[in-house]
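**Student:** My structure is below; once you've seen it, I'll send some questions.
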Amino acid sequence: MKGLLIALCACTHPATPPAKPAPPPVTHVETGPPLDQDLPRLAERSLAMYTALAGAFAKAGADCAAATTALGGLEKEYRDAIAANAKVLRAGRAKELRDAIAPRQADFDAQAKAIAGAPTLGACENNKPFEDAFDRLVGAPP
């Protein structure tokens, strides 16, 4: 019996290779024309970014490290809108973008007011990592 047990243990099948980790979830999939060519869609995506930014600042308060981390996450999530906005502005199409934003201007203004009114900007104005992250997200195009 002991010999049979040893033989069975020696004949086990090779271990199954570990499963590959699942890819990270896709937060945004672009469909249709490039975002810089679809300005109404760019305006909506930009409004979503500003809304998320206002929420991040409300959550972070005066905690610059938390705000900087949140900015990094938003930069990744909205890289399509950031790049498209920069491309539109570099191409001299700012008026076209303003026209696309016009129907939602009140919403943009409300988010800008929430961002400016959060304690984050005042508390972190001399925090270089925060300033750099903020500029990458909403600063002037390169």
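**Student:** When you look at Tyr50, is it within 11 Å of the chain's Cα centre (by Cα), of a type in the set (Ser, Thr, Tyr) and within 12 Å of Arg136 (Cβ to Cβ), yes or no?
**Tutor:** The answer is no for Tyr50.
**Student:** In a helix (DSSP H, G or I), closer than 23 Å to Gln37 by Cβ, of a type in the set (D, E, K, R) and at pLDDT 95 or above: is that true of Lys95 in this structure?
**Tutor:** Yes; evaluated as a whole, the condition is true for this residue.
**Student:** On to the next question. Check Ala81, Ala62, Ala66, Ala110 and return the single one that is at pLDDT 95 or above, among the aliphatic types (A, V, I, L, M) and not in a helix (DSSP H, G or I).
**Tutor:** Unique residue meeting the criteria: Ala62.
**Student:** What is the number of the single condition among (1) at pLDDT below 95; (2) surrounded by 14 or more Cβ atoms within 10 Å (Cβ to Cβ) that Gly139 does not meet?
**Tutor:** Just one mismatch for Gly139, condition (2).
**Student:** Please give the number of the condition Ala58 fails out of (1) surrounded by 19 or more Cβ atoms within 10 Å (Cβ to Cβ); (2) within 21 Å of Asn127 (Cβ to Cβ).
**Tutor:** (1)
**Student:** Right, next: Which residue pairs have Cβ atoms under 7 Å apart, sit 6 or more places apart or on different chains, and have a first residue in the stretch 107-124 that is among the aromatic types (Phe, Trp, Tyr) and a second that is surrounded by 13 or more Cβ atoms within 10 Å (Cβ to Cβ) and modelled with pLDDT of 95 or more?
**Tutor:** Partner pairs satisfying both residue conditions: Phe108/Leu47; Phe108/Tyr50; Phe108/Ile101.
**Student:** Working carefully through the options Arg136, Arg41, find the one that is of a type in the set (Lys, Arg), without any contact (Cβ under 8 Å) to a residue 12 or more places away in the chain, part of a helix (DSSP H, G or I) and out of contact with any strand residue (DSSP E or B) (no Cβ under 8 Å at 6 or more places or on another chain).
**Tutor:** Selected residue: Arg41, the only one of Arg136, Arg41 that is of a type in the set (Lys, Arg), without any contact (Cβ under 8 Å) to a residue 12 or more places away in the chain, part of a helix (DSSP H, G or I) and out of contact with any strand residue (DSSP E or B) (no Cβ under 8 Å at 6 or more places or on another chain).
The values are calculated or read from the model by the stated rules, or taken from the named source; none is laboratory data. It should be emphasised that the depicted structure is a prediction, and the values quoted were computed from it without experimental measurement. When we count neighbours, we look across all protein chains shown, and the Cβ atoms used for this are built from the backbone with ideal geometry, even at glycine.
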